[in-house]
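Taken together, the values in this text are just the output of simple stated rules run on the coordinates, not laboratory data. Please read these numbers as outputs of a predicted model, since none were measured by experiment. All Cβ positions, even for glycine, are placed from backbone atoms using ideal geometry, and neighbour counts span all protein chains on display.
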Amino acid sequence: MSSYVTRKTPGDTAWFTHDRFGMFIHWGLYALPARHEWIKNRECIPEDKYQLYFDHFNPDLFDPKDWARKARAAGMKYAVLTTKHHEGFCLFDSAYTDYKATNTAAGRDLVREYVDAFRAEGLHIGFYYSLIDWHHPDFPIDMLHPRRNDPDAEEQNRGRDMHRYAEYMRNQVRELLTNYGKIDILWFDFSYSRSTPPQNAPWMKGKGKDDWEAEELIALARKLQPGIIIDNRTEIEQDLWTPEQYQPTEWVRHETTGELVTWEACQTFSGSWGYHRDESSWKSPEQLLRLLIETVSRGGNLLMNVGPTSRGYFDKRADRALQVYADWMHTNSRSIYGCTMAEPEFREPADVRYTQSEDGKRLYVHLFSYPFRYLRLPGLSGKVSYAQFLHDGSELLFKEGKPNHDAGSADIAGDGDIVLTLPVVKPDVVIPTIELFLK
Ligand code: GLC
């Protein structure tokens, strides 16, 4: 059994740390301008202009069954959809706002269709819910708000009532956690109480747990869905640490106790979360796979994002990226599901990442760069009963010892290492993986 013990979580994380890989979906009105989901903030867009996106939102090609099939094919086991992002637009039929998909050309509750489709494919269901809301009239203007630069911002801010907004959030979270059956993850986003307001407008201070009335919000969520997994972004510690667009090189630890925690890296295909037409920073197949492997090799989960187009489909670039995962996971998922960081006794040589099955019986050797003919793995002598490539289950011969530089073979035994003999030509897999059966 794995010797790693993680800090206890209030929610049920057992399935989550087994499954390891999920799909993030950022979809909202920002898919129309298609130049970042923060566009309302970045370009300080006024309500009447932003309304154009609401008026033209028409996802006529939305096919959540297709999304769900693609997620499953990519090896993803759960999904997290933006039910509402910072722009405030709701994909669900909330009784507490008119600013929702039901009132657009879509004319229906898109969250319900997502839930039904993903559940039917056997995926766990997650909801992202933005704490920030740049549309709600009670949400106080702050340094991130699109109205922050208006000359009369302070005046506009008068009468905005954060308590009322906090109540609105509770009402919506109640809807989300009541009307759609069992929900597995609630992903709040995000707090910024420590950000410094502009010098000339100290009243524009950031927001955090007290502003969200986060204790009440979380108590409500736990009452409605006791086992649900909740992230830490309300500023109240719950189940999930969520490093964003960077890869921890070690298992994430609790800031004060130093315990290992349950963590989930979230990453994008190209930088932006929402559909971005003109972005050219799409990650390569190697990078996509390395993100997944590196995450699991340090005991974490990966939530990989897709930003669907405004018409409701995944564009070709996203499809291709998902296909990279599908191809690799089809034959290699055994090194991901039910796997975690390898025991500390196993030291990774250069360009290799290990994962190990929870029961400790198999060690997976991911080759980030393909070695020439021999691969020497330290400390494994006497511990391995069989070795094979994972993708095709073909045997790999190995010797216990180090390579004999004179004889061009691996026949000197004795220093605790093993030396595998690999084919000279790299197999046709983006990242070849070796499966070692441990004694
Ligand atoms: C953020 C961003 C955002 C994105 C998210 C995903 O902090 O505000 O647009 O939804 O994190 O992690």
Euclidean distance between Cα centres, region 1-48 to region 357-398, Å: 34 Å
Percent of alpha-carbon pairs separated by more than 28 Å within the chain: 53 percent
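Which pairs in the list Lys361/Lys383; Lys40/Lys209; Lys65/Lys283; Lys49/Lys100 are over 22 Å apart, alpha-carbon to alpha-carbon?
On the way: Lys361/Lys383 10 Å; Lys40/Lys209 24 Å; Lys65/Lys283 26 Å; Lys49/Lys100 17 Å.
Too far apart for the 22 Å limit: Lys40/Lys209; Lys65/Lys283.
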Residue of Glu37, Glu279, Glu87 that the Gaussian network model of the chain assigns the largest fluctuation, springs spanning Cα pairs under 10 Å: Glu279
DSSP-assigned coil residues among trypsin sites (Lys or Arg not before Pro) in region 286-335, each with at most 16 further Cβ atoms within 10 Å: Arg311
Net lengthening on full extension, Glu255/Asp63 (0.36 nm per residue, minus Cα-Cα): 64.9 nm
Kirkwood Rh in Å, taken over region 156-235 so that all alpha-carbon pairs contribute: 13.9 Å
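At 37 °C and 0.692 mPa s, grab the translational diffusion coefficient of region 296-439 from Stokes-Einstein with a Kirkwood Rh over Cα pairs, rounded to a whole number in µm² per second.
198 µm²/s
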Taking Met23, Met143, Met1 and counting other C-beta atoms within 10 Å, the order from fewest to most: Met1, Met143, Met23
Residue (of Cys266, Tyr129, Pro197) at the positive-pole extreme of the chain, dipole from beta-carbon charges: Cys266
Residue with peak Gaussian network fluctuation, the chain [Cα springs, cutoff 10 Å], from Asn179, Asn200, Asn41: Asn200
Centroid-to-centroid separation of region 172-196 and region 96-170 [C-alpha atoms, Å]: 11 Å
Ranked by how many other beta carbons lie within 10 Å on average, peptides 7-13, 135-141, 342-348 from highest: 135-141, 7-13, 342-348
Length added when fully stretched, Asp116-Tyr246, from 0.36 nm per residue minus Cα-Cα: 43.6 nm
Unit charges on C-beta of K, R, D, E only; dipole of region 1-119, Debye: 680 debye
Protection proxy ranking, peptides 154-162, 224-232, average beta carbon neighbours within 10 Å, highest first: 224-232, 154-162
Scaled radius of gyration (Cα, divided by 2.2 N^0.38 Å) that region 233-332 gives: 1.20
